[in-house]
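Peer 1: Once you've had a glance at the structure underneath, I'll fire off some questions.
Nothing in this text is a laboratory measurement; each read-out follows from the coordinates by a stated rule. The structure presented is a predicted model; accordingly, all values stated were derived computationally and were not measured. FYI the Cβ positions are ideal-geometry reconstructions off the backbone, even for glycines, and counts take in every protein chain you see.
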Amino acid sequence: MELIIGLTGGIASGKSTASQYLINKGIPVVDADKIARLVVEKGMPAYESIVAAFGEEVLDRDLSLNRSRLGDIIFQDASKRELLNSIVHPAVRTEMKRQAEEHFLAGNMSVVMDIPLLFESRLTHMVDRTILIYVPQDIQLQRLLARDSLKEEQAKARISSQMPLEEKINLSDAVVKNDGSKEDLYQQLDRVLTEWNIL
Ligand SMILES: CC(C)(COP(=O)(O)OP(=O)(O)OC[C@H]1O[C@@H](n2cnc3c(N)ncnc32)[C@H](O)[C@@H]1O)[C@@H](O)C(=O)NCCC(=O)NCCS
Ligand SMILES: Nc1ncnc2c1ncn2[C@@H]1O[C@H](COP(=O)(O)OP(=O)(O)OP(=O)(O)O)[C@@H](O)[C@H]1O
């Protein structure tokens, strides 16, 4: 039977690291962040709606979206965040379903969807099972600051714009704690996938 696994977790929890590992094992991953970047490129339908809603101040000189400026706006203001989500998410969902279908048609039995806002956006109907990756908040902040050039206050705003961890743990079928080495993360993923007969 075909199976869609939703992989989720807070910002900088390790979803992309986990996804890369799964891809190396031959399991296809549909990446919501990547698709969210694609659908807002100049010339795509969501782009025009964002400019209409947020104004030209969210554009760079070459008219591409200035992601860091848009991020500063939406991570500080829940209503602006909802506005952006209402523009971007429908296009993301359609493209995710299309890509998953393509992987199934190519003969894959399992597809992973890497969806950062799986629970926040109530997208669990799109997947059959869920894996949550999480890190304690101090490590999350450290890794986020080390990876992106954000000020501490910007990083904290991003973390707190997401659903509290305890709620996500309760909603997930499997939970992976990514506070050790990457190798340790991979072993935990192997354990879950073996238990679900995917490996
Ligand atoms: C605000 C934007 C332009 C900032 O871009 P930036 O390049 O700085 O960040 P990036 O896209 O790599 O996202 C990094 C992480 O931020 C978090 N995040 C992104 N958007 C949101 C949101 N609307 N609400 C809460 N957290 C979010 C996620 O954990 C995501 O993995 C961008 O995140 C965006 O377009 N967001 C809206 C679309 C969205 O919800 N994407 C996430 C899942 S589909
Ligand atoms: N076990 C680990 N040990 C050390 N560093 C790690 C570990 N797992 C992930 N990282 C690092 O932490 C950072 C965040 O991980 P990653 O990019 O995979 O998270 P993410 O959940 O995909 O983030 P986002 O939601 O922002 O896209 C990266 O720089 C990654 O290399």
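Peer 1: Which of the residues that make up region 153-178 are of a type in the set (A, V, I, L, M, F, W, C), closer than 21 Å to Asp114 by Cβ and in a helix (DSSP H, G or I)?
Peer 2: Ala155, Ile159, Leu165, Ile169, Leu171
Peer 1: Also: Looking at Leu145, Leu150, Leu189, which is the one that is surrounded by 11 or more Cβ atoms within 10 Å (Cβ to Cβ), part of a helix (DSSP H, G or I) and free of Cβ contacts under 8 Å to residues at least 12 places away in the same chain? Walk me through how you get there before you give the answer.
Peer 2: Details: Leu150 fails: part of a helix (DSSP H, G or I); Leu189 fails: free of Cβ contacts under 8 Å to residues at least 12 places away in the same chain.
On inspection, the qualifying residue turns out to be Leu145.
Peer 1: Check Ser86 against each of (1) crowded, with 18+ Cβ neighbours inside 10 Å; (2) within 11 Å of ligand 1 (Cβ to nearest atom); (3) outside any loop (DSSP other than H, G, I, E, B) and name the one condition it does not meet.
Peer 2: (1)
Peer 1: Same structure again: Taking region 32-53 as the region of interest, how many residues are within 12 Å of ligand 1 (Cβ to nearest atom), acidic (Asp, Glu) and over 25 Å from Lys156 (Cβ atoms)?
Peer 2: Final tally of qualifying residues: 1.
Peer 1: Moving on. For residues that are closer than 25 Å to Ala91 by Cβ, in contact (Cβ under 8 Å) with a residue 24 or more places away in the chain and part of a helix (DSSP H, G or I), tally how many sit in region 1-33.
Peer 2: 7
Peer 1: Next up: Report yes if some residue within region 141-157 is within 16 Å of ligand 1 (Cβ to nearest atom) and hydroxyl-bearing (Ser, Thr, Tyr); otherwise report no.
Peer 2: Checked against the condition, which is being within 16 Å of ligand 1 (Cβ to nearest atom) and hydroxyl-bearing (Ser, Thr, Tyr), region 141-157 yields at least one hit.
Peer 1: I'm trying to understand the selection: among the residues of region 54-81, which are assigned to a helix (DSSP H, G or I), more than 21 Å from the chain's Cα centre (by Cα) and within 12 Å of ligand 1 (Cβ to nearest atom)?
Peer 2: Phe54, Val58
Peer 1: Within region 108-140, can you find the residues that are over 21 Å from Ile23 (Cβ atoms), more than 15 Å from ligand 1 (Cβ to nearest atom) and of a type in the set (Asp, Glu)?
Peer 2: Within region 108-140, Asp138 is the sole residue that qualifies.
Peer 1: Does any residue of region 94-107 turn out to be under 15 Å from Ala46 (Cα atoms) and free of Cβ contacts under 8 Å to residues at least 24 places away in the same chain?
Peer 2: Yes, region 94-107 has at least one match.
Peer 1: Only residues that are more than 15 Å from ligand 2 (Cβ to nearest atom), within 21 Å of the chain's Cα centre (by Cα) and of a type in the set (D, E, K, R): list them for region 155-199, please. Lay out the reasoning, then the answer.
Peer 2: Initial filter on region 155-199 (more than 15 Å from ligand 2 (Cβ to nearest atom)): 164, 166-167, 169-171, 173-174, 191-199.
Narrowing the set further to residues that are within 21 Å of the chain's Cα centre (by Cα) leaves 164, 166-167, 169-171, 173-174, 192-193.
Passing the criteria: Glu166, Glu167, Asp173.
Peer 1: Report, by residue number, each residue of region 34-53 that is under 15 Å from the mean Cα position of the chain (by Cα) and free of Cβ contacts under 8 Å to residues at least 60 places away in the same chain.
Peer 2: Of everything in region 34-53, those that are under 15 Å from the mean Cα position of the chain (by Cα) and free of Cβ contacts under 8 Å to residues at least 60 places away in the same chain turn out to be Lys34, Ala36, Arg37, Leu38, Val39.
Peer 1: Another one. Give me a count of the residues in region 56-81 that are acidic (Asp, Glu) and without any contact (Cβ under 8 Å) to a residue 12 or more places away in the chain.
Peer 2: Selection size over region 56-81: 4.
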